[in-house]
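S.K.: Starting off with a structure, shown below.
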Amino acid sequence: QVQLVESGGGLVQAGGSLRLSCAASGSIFSINAMGWYRQAPGKQRELVAAITSSGGSTSYADSVRGRFTISRDNAKNTVYLQMNSLKPEDTAVYYCKVVVTTTSRVVENSDWGQGTQVTVSS
């Protein structure tokens, strides 16, 4: 079992910044891909950003490209999302999800964490 704990959300004015963190723990041998998702009220959960195991490749939703940056610290099993130039439409609950190789050498998708609320006021 892999547990995820997201943190760093909050209330910020438009144009402001936040940095989200997601720490993974449990029966982890290695972490492969890591990603950040978000779900706004009444909308489907969407992928915001993803990063490969080495951190050498990243991808972003068009709506956040150029404003958000995903990064990871493999020593801490943690993924980050730096969010700059925030807009009211970025308001959502943000979740991370990871693909891990467990200590049993099985590749698994993690369950969702509890999420962290980001609210951007205009």
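The values are calculated or read from the model by the stated rules, or taken from the named source; none is laboratory data. Predicted, not measured: the structure shown is a model, and the values here were computed from it. Please note that ligands, DNA and RNA were not included when accessible areas were found on the heavy atoms of the full protein model with its side chains. Shrake-Rupley method; radii C 1.70, N 1.55, O 1.52, S 1.80 Å.
S.K.: Using only the alpha-carbon atoms, what does the stretch 29-89 span along each of its principal axes? Please give whole angstrom values in decreasing order.
M.R.: That gives 37, 22, 17 Å along the principal axes, largest extent first.
S.K.: Using a cut-off of 12 Å between alpha-carbon atoms, which aspartates and glutamates can reach LYS76, once sequence neighbours fewer than 8 places away in the same chain are excluded?
M.R.: The qualifying aspartates and glutamates are none; the list is empty.
S.K.: Leaving out ligands and nucleic acids, note down the accessible area per residue over the stretch 1-63 with a 1.4 angstrom probe, in whole Å².
M.R.: 54
S.K.: Mind checking which lysines have their C-alpha under 22 Å from LYS43, skipping anything on the same chain fewer than 8 residues away?
M.R.: Output for LYS43: LYS87, LYS97.
S.K.: Taking a temperature of 10 °C and a viscosity of 1.306 mPa s, what whole-number D in µm²/s does Stokes-Einstein yield for the stretch 55-119 with Rh from Kirkwood over alpha carbon pairs?
M.R.: 115
S.K.: Report in % the part of the accessible area of the stretch 23-68 that belongs to carbon and sulfur, leaving out ligands and nucleic acids; probe 1.4 Å.
M.R.: Carbon plus sulfur share of accessible area: 49 percent.
S.K.: Between the stretch 1-31 and the stretch 98-121, how far is it from one alpha carbon centroid to the other, in angstrom?
M.R.: Centre-to-centre distance over Cα atoms comes out at 9 Å.
S.K.: Next question, about the same structure. List, in order, the whole-Hz ³J(HN,Hα) value for each residue of the stretch 23-38 obtained from phi through the Karplus relation with A = 6.51, B = -1.76, C = 1.60 and θ = phi - 60°; use x for Gly and Pro.
M.R.: Result, rounded to whole Hz: 9, 9, 8, x, 7, 9, 8, 7, 10, 8, 6, 9, x, 10, 10, 8.
S.K.: Contact order normalised by length for the chain, with contacts defined as Cα pairs under 8 Å and 6 or more residues apart; what percent is it?
M.R.: Relative contact order of the chain: 37 percent.
S.K.: So, one more: Per the Cauchy relation, a quarter of the hull surface: what is the mean projected area of the convex hull of the alpha carbons in the chain, in nm²?
M.R.: 7.0
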